[in-house]
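Heads up: the structure comes next, in structure tokens.
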Amino acid sequence: QMNHKVLNTGWLDLHAPGLDQIFSVCMTMEDWLQAHPKHVLVLHSRGDKGQLGVLLASYIHFSNMAA
């Protein structure tokens, strides 16, 4: 049985998200991963891979700071 959770950031294509938006998503990602040892993240972008790269790099930095 799978219980899918989807977070749509609502970020517009070709626009950089604000730092507050990035921080909020990083917090959500961290909370999800810490809630259960079997939780995983799957990141997907419909178009702009730059936003996905920024989010991934931000989360890596965020998680190192939180450790």
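The values are calculated or read from the model by the stated rules, or taken from the named source; none is laboratory data. Being a predicted model, the structure only gives us computed values, none of them experimental. Quick reminder, even Gly has a Cβ in these numbers, built from the backbone with ideal geometry, and neighbours come from all protein chains shown.
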Review point. Listed residues 49, 38, 5; which is over 11 Å from the mean Cα position of the chain (by Cα), charged (D, E, K, R) and at pLDDT 85 or above?
Key: 38
Exercise for review: Give region 35-67 a look and list any residue that's loosely packed, with under 11 Cβ neighbours inside 10 Å, of a type outside the set (A, V, I, L, M, F, W, C) and assigned to a helix (DSSP H, G or I), or say none.
Suggested key: 49, 64
Review point. For region 15-31, does any single residue satisfy the condition of being surrounded by 13 or more Cβ atoms within 10 Å (Cβ to Cβ) and in a loop (DSSP other than H, G, I, E, B)?
Key: yes
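Here is a yes/no grid of residues against (1) under 16 Å from residue 60 (Cα atoms); (2) out of contact with any Phe, Trp or Tyr (no Cβ under 7 Å at 6 or more places or on another chain):
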| residue | (1), (2) |
| --- | --- |
| 20 | no, yes |
| 23 | yes, yes |
| 26 | yes, no |
| 29 | yes, no |
| 32 | yes, yes |
| 38 | no, yes |
| 43 | yes, yes |
| 47 | no, yes |
